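The values are calculated or read from the model by the stated rules, or taken from the named source; none is laboratory data. All values reported here derive from a predicted model rather than from experimental measurement. Cβ sites come from the backbone with ideal geometry, for glycine too, and all protein chains shown count toward neighbours. The protein model used for the area step is the full one, side chains on, heavy atoms only, and it has no ligands, DNA or RNA in it. Shrake-Rupley method; radii C 1.70, N 1.55, O 1.52, S 1.80 Å.
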Amino acid sequence: MICIPLLAPDSRTALRRLRVYAAQADLVELRLDGIRRTDLRTLLAAAPNRTLVTNRRQEEGGFARQTEDARLARLCEAAAGGADLVDVELASGAAAVRSVGREMARRGRGEGLIVSHHDFAGTPPTVELIEIYRACAALGAGMVKVVTRARTVEDNLRVLELLRVAQAEGRRITAFCMGAAGRVSRVLAPLLGSCISYVAFRRGRESAAGQLTLAETKLLRRILA
């Protein structure tokens, strides 16, 4: 699935961008940490296709300073409000992840719980990456997401190995690397079974380093096909 992360200075701009992005992608990620004065209920009601809601921790790339209780409350609100997928970081703690998961399950969207881990410092060894993947899965994730920063080309190979592990276990996963050195993983990951490709609507609207644009992604897919 091609997913466009949505960042905006206010709800009105977010609503306008939501409609434009939804027409171009399979999924729109509402980055609550990157949308000021967010009217979440209105955004969810206006979404013409699937929505993924994220309220990222600052330690893992979040744009807003907020208390942990307030951050997690917004994710529970999204789950109760009808979001198709909700992304909760593994570092939020087991109790917080399960709380959001229960709310998703009540709405019949249990498989929409994404448990994620983002490492902005680098890419751990393969054994550690697999441990992180298993820790995410153990919290009831409908999908595991593991993203690291690539410092070398070899870093990409270690993260992409998680796709093979997850496929062998029949588990949905999104895994790739950030940064300039990680761009190759963003191209290869979907071919190897990674579920979601996060792309910028256009240059200048990236939500993470190394993100390809929508146009670049669609061109690459045509070439690779």
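Evaluation of Arg202 against the conditions (1) under 18 Å from Arg31 (Cβ atoms); (2) charged (D, E, K, R); (3) within 17 Å of the chain's Cα centre (by Cα) shows that the sole unmet condition is (3).
Residue-wise test of (1) touching a strand residue (DSSP E or B) at 6+ places or on another chain (Cβ under 6 Å); (2) under 27 Å from Leu139 (Cβ atoms).
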site: Ser11; (1), (2): no, no
site: Asp33; (1), (2): no, yes
site: Glu68; (1), (2): no, yes
site: Arg71; (1), (2): no, yes
site: Ala83; (1), (2): yes, yes
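Just one of the listed residues (Gly122, Gly112) is within 26 Å of Met178 (Cα to Cα), under 14 Å from the mean Cα position of the chain (by Cα) and not aliphatic (A, V, I, L, M), and it is Gly112. The set of residues from the range 104-136 being of a type in the set (Gly, Ala, Ser), assigned to a helix (DSSP H, G or I) and surrounded by 18 or more Cβ atoms within 10 Å (Cβ to Cβ) comprises just one member, Gly112.
Can you find a residue in the range 41-49 that is within 25 Å of Thr148 (Cα to Cα), open to solvent by 40 Å² or more (accessible area, probe 1.4 Å) and in contact with a strand residue (DSSP E or B) (Cβ under 8 Å, 6 or more places away or on another chain)? No, the range 41-49 contains no residue that is within 25 Å of Thr148 (Cα to Cα), open to solvent by 40 Å² or more (accessible area, probe 1.4 Å) and in contact with a strand residue (DSSP E or B) (Cβ under 8 Å, 6 or more places away or on another chain). No other residue among Leu7, Leu27 is under 24 Å from Glu89 (Cβ atoms), under 13 Å from the mean Cα position of the chain (by Cα) and at pLDDT 95 or above apart from Leu27.
When restricted to residues that are in contact with a Leu (Cβ under 6 Å, 6 or more places away or on another chain), surrounded by fewer than 22 Cβ atoms within 10 Å (Cβ to Cβ) and under 26 Å from Glu206 (Cβ atoms), the range 75-103 contains 0.
Based on this model, can you work out whether Ser185 counts as out of contact with any Lys or Arg (no Cβ under 8 Å at 6 or more places or on another chain) and of a type outside the set (A, V, I, L, M)? Spelling it out, Ser185 is indeed out of contact with any Lys or Arg (no Cβ under 8 Å at 6 or more places or on another chain) and of a type outside the set (A, V, I, L, M). Taken over the range 189-213, residues that are in a helix (DSSP H, G or I) and crowded, with 19+ Cβ neighbours inside 10 Å amount to 2. Across the range 119-127, a minimum of one residue is classified as more than 15 Å from Glu77 (Cα to Cα) and among the hydroxyl-bearing types (Ser, Thr, Tyr). When residues in the range 24-55 are screened for being more than 14 Å from Cys3 (Cβ to Cβ) and assigned to a loop (DSSP other than H, G, I, E, B), 6 of them pass.
Based on this model, can you work out whether Arg186 counts as open to solvent by 20 Å² or more (accessible area, probe 1.4 Å) and touching a Phe, Trp or Tyr at 6+ places or on another chain (Cβ under 6 Å)? Taking the combined requirement at face value, the residue satisfies it. Yes or no: Val159 part of a strand (DSSP E or B) and either touching a helix residue (DSSP H, G or I) at 6+ places or on another chain (Cβ under 7 Å) or surrounded by fewer than 20 Cβ atoms within 10 Å (Cβ to Cβ) (or both)? Judged against the criteria, Val159 is not a match.
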